[in-house]
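The values are calculated or read from the model by the stated rules, or taken from the named source; none is laboratory data. This is a predicted model, so every value here is computed, not measured. Positions of Cβ are generated from backbone atoms using ideal geometry, with glycine treated the same way; all protein chains shown enter the neighbour counts. The accessibility values were calculated without ligands, DNA or RNA, using every heavy atom of the protein model including side chains. Shrake-Rupley method; radii C 1.70, N 1.55, O 1.52, S 1.80 Å.
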Number of protein chains: 2
Amino acid sequence: MSSRNRIESVAHQTVQKSGLKNLSFRTLGAEVGVKSSSVHYHFPEKSDLGGALIQRYRQSLATTLAEIDDASPNAYDAIKLFSKLFTQECSEGKICFAGMLAAEVEFLNESNREGLQAIFNMYHTWLLDQLNQAGDELKIDLPTPTVAHLLLASLEGALLIDRAHPTNDRLSSVNILIDSWFGKIN
Amino acid sequence: MSSRNRIESVAHQTVQKSGLKNLSFRTLGAEVGVKSSSVHYHFPEKSDLGGALIQRYRQSLATTLAEIDDASPNAYDAIKLFSKLFTQECSEGKICFAGMLAAEVEFLNESNREGLQAIFNMYHTWLLDQLNQAGDELKIDLPTPTVAHLLLASLEGALLIDRAHPTNDRLSSVNILIDSWFGKIN
DNA sequence: GTCTATACCCGGATAGAC
DNA sequence: GTCTATCCGGGTATAGAC
């Protein structure tokens, strides 16, 4: 893999652990095996690195969501798979990439903020799409946009709190909620 | 107000905006009108300041929750009031104090982490208590601990995302969810 | 309790050789 | 594309005067 790609890959995981503001070009370089000046060669300023990570994630997310869509015969399976993948990105002290950036939105420039919003829009649009196709699979009367917002918010919050409070109580509660919405409980 | 108290008050809000790791004794002092060495006089290390803020918040939270309890004739009112106060602490680019600390849990020492967990426990215990007293006010069949976890997680996530995505879509969705759980919709 | 002064470190960023 | 060397700013923290 090119060193630029390796930098991006390590940086992405570092952001999930400690955020972009607290990521250092020096230690990032050390983890990849180059000097900080080499990192600056690829990403002149930190906001350039941030922009590249956001872009990269948007593309990979688009692919992932399309794959889930293809692999799922119905909305329930799709959303359960979404929740599973969303969670799997976050083992070992990591939280959602977009969630971490949201926590440090104060330190992002305009362009990076817009990229972050685009990620959240992507999540929401996809979820909404699934819910709108669910038909009578969905056993509740809330508007689908509301349900989509709730899904994303509860997943983000669950990952956040569960990392600080190492039981998976919040995350499994979200999964129970999804099951109940699709009539898989009671 | 004593300068120690003023420091704590300003620091608390700064944490809600940009976190504890990115809070600087220098600029904190400047905002309060003293030098950084004076801040160090009261809080030798940053973890001491963190500990004081956590302690302070725990106490104020205990008081607040007790007051909501007293002021609310039923579980629905109590929880709506909870959601309202939880939100009001977070105007102007701020998010939940505990949520922000959870995002930077990597940088907290053991003692501060335990204090943070105690805050989340306090939220959860109080919510659970309300739900357990709700009786047939509650129109859903999920276990009350699950509901309490979901309430907290969705509120945290909603505040987080809504700050980055300046509509209040997530927060108002949580309020709709609460209404539906108590049969105030449909 | 607050100040000045200072030590020390680490971060971002750049210049210029290879 | 990567390196060494370097500058600068800002952060934590401490010593010692008032």
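Mind checking which residues of the stretch A:148-163 are facing chain B (nearest Cβ under 8 Å), open to solvent by less than 10 Å² (accessible area, probe 1.4 Å) and out of contact with any Phe, Trp or Tyr (no Cβ under 7 Å at 6 or more places or on another chain)?
A:LEU150, A:ALA153, A:SER154, A:GLU156, A:GLY157, A:ALA158, A:LEU160
Would you confirm, using the coordinates I've provided, whether A:SER9 is modelled with pLDDT of 95 or more, within 15 Å of DNA strand D (Cβ to nearest atom) and surrounded by fewer than 19 Cβ atoms within 10 Å (Cβ to Cβ)?
Here the answer is yes, as A:SER9 does meet what is asked.
Among the residues of the stretch A:128-147, count how many are within 12 Å of chain B (Cβ to nearest Cβ) and outside any loop (DSSP other than H, G, I, E, B).
Qualifying residue count, the stretch A:128-147: 5.
If I ask for residues that are within 12 Å of DNA strand C (Cβ to nearest atom) and either among the charged types (D, E, K, R) or more than 16 Å from B:MET100 (Cβ to Cβ) (or both), which ones from the stretch B:9-30 would you list?
Once the filter is applied, which keeps residues that are within 12 Å of DNA strand C (Cβ to nearest atom) and either among the charged types (D, E, K, R) or more than 16 Å from B:MET100 (Cβ to Cβ) (or both), the stretch B:9-30 yields B:LYS21, B:PHE25, B:ARG26, B:GLY29, B:ALA30.
Have a look at A:ILE119, A:ILE68 and point out the one that is closer than 30 Å to B:SER18 by Cβ and β-branched (Val, Ile, Thr).
It is A:ILE119.
Tell me, which residue of the stretch A:72-91 that is closer than 21 Å to B:GLU156 by Cβ and touching a residue at least 40 places away in the same chain (Cβ under 8 Å) is surrounded by the fewest Cβ atoms within 10 Å (Cβ to Cβ)?
It comes out as A:GLU89.
Within the stretch B:12-28, take every residue that is near DNA strand D (Cβ under 9 Å from one of its atoms) and more than 14 Å from every other protein chain (Cβ to nearest Cβ) and give me the one that is nearest to the chain's Cα centre (by Cα).
B:LEU28
Identify, by number, the condition in (1) in a loop (DSSP other than H, G, I, E, B); (2) within 16 Å of DNA strand C (Cβ to nearest atom) that A:ARG4 doesn't meet.
(1)
Quick one: which of A:LEU160, A:LEU116, A:LEU171, A:LEU150 is in a helix (DSSP H, G or I) and touching a Gly at 6+ places or on another chain (Cβ under 7 Å)?
A:LEU160
Scan the stretch A:98-111 and give yes if some residue there is open to solvent by less than 50 Å² (accessible area, probe 1.4 Å) and more than 10 Å from chain B (Cβ to nearest Cβ), otherwise no.
No; the residues of the stretch A:98-111 include none that is open to solvent by less than 50 Å² (accessible area, probe 1.4 Å) and more than 10 Å from chain B (Cβ to nearest Cβ).
Could you list, in sequence order, the residues of the stretch A:164-179 that are free of Cβ contacts under 8 Å to residues at least 12 places away in the same chain and either open to solvent by less than 20 Å² (accessible area, probe 1.4 Å) or within 7 Å of another protein chain (Cβ to nearest Cβ) (or both)?
Listed by number, the residues that qualify are A:ALA164, A:HIS165, A:ASP169, A:ILE176.
Within the stretch B:36-57, take every residue that is more than 18 Å from B:VAL105 (Cα to Cα) and open to solvent by less than 20 Å² (accessible area, probe 1.4 Å) and give me the one that is farthest from DNA strand C (Cβ to nearest atom).
For the stretch B:36-57, the residue satisfying everything is B:PHE43.
Go through A:SER91, A:SER83 for me and flag whichever is among the small types (Gly, Ala, Ser) and closer than 21 Å to A:ARG56 by Cβ.
A:SER91
Within the set of pairs 6 or more residues apart or between chains, which connect a residue that is within 13 Å of A:ALA118 (Cα to Cα) and at pLDDT below 95 inside the stretch A:45-71 to a residue that is open to solvent by 20 Å² or more (accessible area, probe 1.4 Å) and not β-branched (Val, Ile, Thr) with Cβ atoms less than 9 Å apart?
Matching pairs, first to second residue: none at all.
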